[in-house]
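Q: A single structure is presented below for examination.
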Number of protein chains: 2
Amino acid sequence: MTRRRVHSWDVANLAGVSRTTVSFVLNNVPGMRISADTRQRVLEAAKQLDYHPDASARRLVTGKTSILGYVERQSPEHALSDAFLPQVLRGVHDSAATYNFEVLFAPIPLELSKGRFSRLLQGHHVDGIILSGPRSDDQEVHQLIEANAPIVLQGHLPNMQVASVDVDNVKSAKMATSHLIRKGHTRIGMIVHSPEAFTAGEARLQGYQETLEEHGLSVDPDLIAFASFTSSSGEHAMRKLLKAIPRPTAVFISSDTVAIGAMQAVQELGYHIPQDLAIVGFDDIPMSVYLKPPLTTIHLPAYGIGWAAADLLIHLIDKDDALETNVLLDTELVVRESCGASRI
Amino acid sequence: MTRRRVHSWDVANLAGVSRTTVSFVLNNVPGMRISADTRQRVLEAAKQLDYHPDASARRLVTGKTSILGYVERQSPEHALSDAFLPQVLRGVHDSAATYNFEVLFAPIPLELSKGRFSRLLQGHHVDGIILSGPRSDDQEVHQLIEANAPIVLQGHLPNMQVASVDVDNVKSAKMATSHLIRKGHTRIGMIVHSPEAFTAGEARLQGYQETLEEHGLSVDPDLIAFASFTSSSGEHAMRKLLKAIPRPTAVFISSDTVAIGAMQAVQELGYHIPQDLAIVGFDDIPMSVYLKPPLTTIHLPAYGIGWAAADLLIHLIDKDDALETNVLLDTELVVRESCGASRI
DNA sequence: TAATTTTGCTAACACGTGTCAGCATAGAAG
DNA sequence: CTTCTATGCTGACACGTGTTAGCAAAATTA
């Protein structure tokens with residue numbers, strides 16, 4: 001490994017041409033006439049020497065790093081985002097690789113973000129940023145967005161003109177709710193997690209309500225309960241729902257993590273899932289399939305989210321601005337056992 | 001954002017000094033006499049302009065990228081490593097940040113690794129590599145190790161002289177086994193997952209056996225079953241174990257994922273955990289706490305593994321070679337309900 | 001006063017690449 | 001034969017920084 005590094009002039013010497021020609025050949029520069037013979041010689045020399053251009057030198061002269069930063073900025077929902085990070089990151093990477101971009105992993109916690117963003121962007125460590133776990137009260141990110149920095153949100157921030165990739169929450173909630181209706185349920189409750197801090201919760205609630213109305217079912221406030229990000233908050237919410245008269249026969253829960261606690265409450269109260277109560281969750285966390293009974297839920301396309309975010313960001317960096325800047329991805333209903341067989 | 005980039009000579013001009021002086025001050029170059037007054041002026045100018053040196057230029061001239069690559073190379077055990085990736089990566093990042101290193105996320109699947117390693121190292125995208133999920137049959141990695149490339153394995157590869165960070169599997173298995181013995185069990189079985197491809201399985205089996213012997217208990221081959229990486233293989237293994245006569249009263253399972261399937265088998269056969277059968281797992285995957293009953297298991301210090309790997313790699317890069325190159329981290333027994341109350 | 005050392009700073013080079021302007025040579029056109 | 005154009009290649013500059021060698025002025029010593 002202490003073997004001297006191979007440079008472009010080594011390739012040039014071996015091929016008997018100038019360094020410039022090597023660059024033209026290896027980068028496939030358009031409009032440059034290179035004879036087939038020379039091109040061949042250069043390619044062979046490069047392969048023989050296992051030449052790879054120095055990334056820093058190339059970046060310095062081109063002004064492009066071809067690196068995008070994946071910045072984590074989560075707060076309480078850590079547990080959820082953690083479960084998806086591997087897939088999202090792989091999506092980001094694979095998409096970026098298509099454009100010969102690399103991915104820098106850079107968590108920047110809210111507390112000690114002191115200058116980290118400047119370092120990343122002004123210091124030219126990355127060409128742009130994918131921001132995971134955006135928060136409305138994040139001053140530093142607001143500044144970046146206003147400065148028109150190349151940023152793509154993984155998620156959503158209301159009243160902000162910024163590119164983003166998210167799941168179509170309204171549509172997804174409609175899928176879940178209408179599935180329960182199709183099963184014959186008419187008393188359908190919902191547990192919404194953290195609608196204030198997390199706009200997705202609100203959107204999912206909206207989808208649920210609209211679907212009920214579209215099917216001529218009334219929206220009963222007693223059948224809507226709120227939770228935070230934790231399982232135990234789901235337990236609490238479910239106990240409240242089950243006091244409603246008449247009892248709901250099905251509940252749509254806007255987060256699988258919350259659903260875990262809710263299911264526990266149901267079973268502790270002596271009810272059976274799905275016979276006494278059908279349940280549909282949201283997220284399809286890896287654990288969902290192992291729950292008892294296995295949870296019917298809305299599958300979050302984590303890999304696709306990562307892919308789309310990187311794709312959008314790179315187009316943004318290259319100033320193909322005319323691009324749709326708010327991507328909404330479709331989800332899928334994964335039917336397992338918790339929603340029960342048809343009631344009809 | 002189209003605002004012109006700030007360079008070191010901007011700072012120099014504003015402070016009324018040369019670019020060289022700016023560099024000396026900002027990098028705290030030792031042995032350089034700078035008057036307190038000048039130093040102050042430079043620091044203020046830099047802060048006022050929000051100056052951050054261009055990463056590429058600095059890398060080009062110093063020859064150090066100050067980036068380390070986190071390379072994923074997993075195969076079947078994806079599910080397991082995925083559960084820990086977020087924590088490991090955070091550990092890697094935080095440790096690296098201590099040395100002003102960045103972290104590049106670079107999965108390189110076995111199939112299409114065509115030149116990716118060369119690109120990374122020869123192309124000087126990174127100074128070194130942390131390799132997650134090393135496989136003994138990985139030719140490309142063998143070559144890198146023999147070429148003495150700066151690599152740290154996250155895990156272990158037998159008969160290879162290469163730096164690595166792993167958990168003390170023998171010691172951990174002893175903790176698990178002796179805990180069951182302390183609870184009063186004498187018929188203790190074990191399910192080993194994939195000992196052939198995954199050396200950790202073998203080590204855990206060894207720890208189990210030695211502990212039995214140390215306590216004067218015989219090792220009964222009928223009480224040892226093998227599984228792969230999946231839950232369903234655990235189901236199969238457990239069914240086999242429960243046919244032993246007399247039945248084991250406790251089982252140590254070398255993987256939580258496998259334990260999930262095993263527990264399912266136990267309950268399907270009508271036995272109760274932990275009354276009829278106590279269970280201790282290994283890994284402490286996030287899901288373990290939600291199982292029924294919650295799984296007693298060995299906690300894998302994912303964050304610590306990441307931290308240690310980055311620390312080791314950076315020391316290796318800086319040629320502090322005298323460093324211990326095979327780090328073994330301690331684990332912790334997390335007692336929940338599946339191991340039962342004391343039998344004594 | 002003259003010689004020497006110390007202090008505080010700077011000019012100039014190097015890192016390895018991409019790329020613009022230009023230069024021979026060969027062929028075509030006049 | 002001369003002039004022009006296309007072909008195939010190259011010399012030289014630029015990117016922004018770290019760093020070595022060195023220089024003037026001030027301080028110290030002789």
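The values are calculated or read from the model by the stated rules, or taken from the named source; none is laboratory data. Everything quoted here is computed from the prediction, not taken from an experiment. All Cβ positions, glycine included, derive from the backbone under ideal geometry; neighbour counts span all protein chains shown. Heavy atoms of the whole protein, side chains included, go into the accessibility calculation; ligands, DNA and RNA do not. Shrake-Rupley method; radii C 1.70, N 1.55, O 1.52, S 1.80 Å.
Q: Filter region B:36-60 for residues that are open to solvent by 60 Å² or more (accessible area, probe 1.4 Å) and among the polar types (S, T, N, Q); which is farthest from DNA strand D (Cβ to nearest atom)?
A: So, considering only residues that are open to solvent by 60 Å² or more (accessible area, probe 1.4 Å) and among the polar types (S, T, N, Q), the one farthest from DNA strand D (Cβ to nearest atom) is B:Q40.
Q: Moving on to the next point. So, in region A:152-172, how many residues would count as being under 12 Å from A:A203 (Cα atoms) and over 16 Å from the mean Cα position of the chain (by Cα)?
A: The number of residues fulfilling the criteria is 3.
Q: Looking only at region B:18-35, how many residues end up being open to solvent by 60 Å² or more (accessible area, probe 1.4 Å), closer than 25 Å to A:L60 by Cα and more than 7 Å from DNA strand C (Cβ to nearest atom)?
A: 3
Q: Could you count how many residues in region B:44-73 are out of contact with any Asp or Glu (no Cβ under 9 Å at 6 or more places or on another chain) and away from chain A (no Cβ under 14 Å)?
A: 1
Q: Let me ask something else. Please verify whether region A:326-343 includes one or more residues that are basic (K, R) and either touching a Gly at 6+ places or on another chain (Cβ under 9 Å) or surrounded by 24 or more Cβ atoms within 10 Å (Cβ to Cβ) (or both).
A: yes
Q: Those residues that are buried (at least 20 other Cβ atoms within 10 Å of the Cβ), closer than 22 Å to A:H124 by Cβ and aliphatic (A, V, I, L, M), I need them from region A:61-103; list them, please.
A: Passing the criteria: A:I67, A:L68, A:V71, A:V92, A:A96, A:V103.
Q: Looking at region A:272-300, which of its residues are more than 13 Å from chain B (Cβ to nearest Cβ) and either closer than 21 Å to A:L85 by Cβ or assigned to a strand (DSSP E or B) (or both)?
A: Answer for region A:272-300, where residues must be more than 13 Å from chain B (Cβ to nearest Cβ) and either closer than 21 Å to A:L85 by Cβ or assigned to a strand (DSSP E or B) (or both): A:A278, A:I279, A:V280, A:G281, A:F282, A:D283, A:D284, A:T296, A:T297, A:I298, A:H299, A:L300.
Q: Sticking with this structure for a sec: Mind listing just one residue for me: the one in region A:3-17 that is more than 8 Å from DNA strand C (Cβ to nearest atom) and open to solvent by 40 Å² or more (accessible area, probe 1.4 Å) and, of those, nearest to B:N148 (Cα to Cα)?
A: A:R3
Q: Regarding B:R5, is this residue closer than 20 Å to A:V61 by Cα, near DNA strand D (Cβ under 9 Å from one of its atoms), within 14 Å of chain A (Cβ to nearest Cβ) and in a helix (DSSP H, G or I)?
A: no
Q: Between a residue in region B:89-103 that is closer than 19 Å to B:L153 by Cβ and any residue that is modelled with pLDDT of 95 or more and of a type in the set (K, R), which pairs come within a Cβ distance under 6 Å, given they are 6 or more apart or on different chains?
A: That search, which allows pairs on different chains as well, returns nothing.
Q: Does B:H179 fit the bill of being outside any helix (DSSP H, G or I) and in contact with a Ser or Thr (Cβ under 9 Å, 6 or more places away or on another chain)?
A: No: the conditions fail for B:H179.
Q: For region B:229-257, how many residues are in contact with a strand residue (DSSP E or B) (Cβ under 6 Å, 6 or more places away or on another chain) and outside any loop (DSSP other than H, G, I, E, B)?
A: Summing the residues that are in contact with a strand residue (DSSP E or B) (Cβ under 6 Å, 6 or more places away or on another chain) and outside any loop (DSSP other than H, G, I, E, B) in region B:229-257 gives 10.
Q: Hey, among B:S228, B:S218, which residue is among the hydroxyl-bearing types (S, T, Y) and in contact (Cβ under 8 Å) with a residue 12 or more places away in the chain?
A: Every option except B:S228 fails the conditions.
Q: For region B:262-271, which residues satisfy the criterion of being in contact with a helix residue (DSSP H, G or I) (Cβ under 9 Å, 6 or more places away or on another chain) and not in a loop (DSSP other than H, G, I, E, B)?
A: Residues satisfying the conditions are B:A262, B:M263, B:Q264, B:A265, B:V266, B:E268.
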